[in-house]
Amino acid sequence: GEIVHHQKRKVARLFLRLGARKGVVLRAPVVSRCRGGVGMFRGQVNPVTGRQEWVAEERDVESEDGDLSCELARSQYGDMLHDTARNQLYCQAIEKAVSDMKAKGRAAHVLDIGTGTGLLSMMAARAGAARVTAVEVMRPMVRIAREVISANGYSDTIRVVGKRSTDMTENDMEGGRANILVTEVFDTELIGEGALITYSHALQNLMEPDCIVIPDSVTVNVQLVRSEFLWRHHKLIPEALPGSVTVPADWRKCPGAPSLWDLHAEQLQIPQQMNTLSDPTHIAKFKLSDPGLSSDRSVQEVVVPVSQGGTCHGVLMWWTADMSEAELSMSPWDYTQWRDHWLQAVQLLPEPLNVKKGDQLSVNYAMMTTPLWFH
């Protein structure tokens, strides 16, 4: 409680100072957190390999051109600090991991990747970890983390490393490899922040072979949905255009890019704005503690039974994380509190599909390094 309270003051003070200088309205839209090189990450496609890559961009918080203050003011740090369910589950899992390691007669050495304000690192230190390495690549947040950790009296236990974790080697780990990996590098679509690459590199280069990983695994869930409301946001509707403006036929048939649309599904009115046509189905599971975790392009197929007939407009997805003895779920049907940093996502079909109860619909889950989509 006191740790989070102090962090909220520090982050709010930074946001207010930066926001006042730029005239920023302080709110929290759906914007991914800033994680990158010496400044920020920018995703781009390599034209030679066709793979999605992260490019580090140098930005100065004081620079008018960099405009990093706006990025910070719109980031999700404050929203995460207010996510009580997330924080409690991480705290419980960390305390159990440290206790289990001590029960084996071993000192707990924790690696926290993407420490942000340092919250998870301080949970580990408070739980009795002998050493914590907190990694953060965003320079303003490195400064904040160090100030918050110092104010809470954990500077002797926690060492903040200001670099990208995938650029680290065992030599960057004071005292050797860690035996507990704590990280939260997920977005709404799970892997958009490069989670698979981050975990794979850490397990192979920075962690002991029998380490504890928090969370240990994550599962992607899907559900078929009918929603005229969402469909009208996906297509050009000719009758909605004023006057004599017309939409070419090929425009109306354009399926658009195969991408997910993040949204607060729990805020839609059921069944007026959205109705489900299947039960929730597990479509993929990632064992994050597996050193052989692959981030290569892959396609998996799952058969989803239709439980209610109607017009299928899209696929709703969310993920759940195994937090040792509990589950952290983004399901719209397990809504416990408002959060804006993790939502659900929907991918609308190229064309609506009429289904009836008992049909078996084949859903393919495709992913590359970071993006994922369904077809």
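The values are calculated or read from the model by the stated rules, or taken from the named source; none is laboratory data. This structure is a prediction, so every number in the text was calculated from the model and none was measured. Please note: Cβ atoms are built from the backbone with ideal geometry, for glycine as well, and neighbour counts cover all protein chains shown. Heads up: the accessible areas ignore ligands, DNA and RNA and are worked out on the full protein's heavy atoms, side chains in. Shrake-Rupley method; radii C 1.70, N 1.55, O 1.52, S 1.80 Å.
For segment 154-204, what is Rg from Cα atoms divided by 2.2 N^0.38 Å, rounded to two decimals? Working shown, then result.
Values: Rg = 12.3 Å, N = 51, 2.2 N^0.38 = 9.8 Å.
Output field value: 1.26.
With a 1.4 Å probe and all protein chains in place, put Trp333, Trp251, Trp231 in order of accessible area, largest first. Walk me through the numbers before you get to the answer.
Working: Trp333 105, Trp251 150, Trp231 30 Å².
Ranking Trp333, Trp251, Trp231 by accessible area, largest first, yields Trp251, Trp333, Trp231.
Tell me, what is the 1.4 Å probe accessible area of Val315, in Å² to the nearest 10?
Taking all protein chains as shown, Val315 has close to 10 Å².
Rank-order 157-164, 220-227 by packing density, defined as the average count of other C-beta atoms within 10 Å over each peptide's residues, highest first. Numbers along the way, then the final one.
On the way: 157-164: 19.5, 220-227: 22.6.
So the order, starting with the most tightly packed, is 220-227, 157-164.
Could you pull the Rg and Dmax for segment 111-208, using just the Cα atoms, both in Å?
12.6, 36
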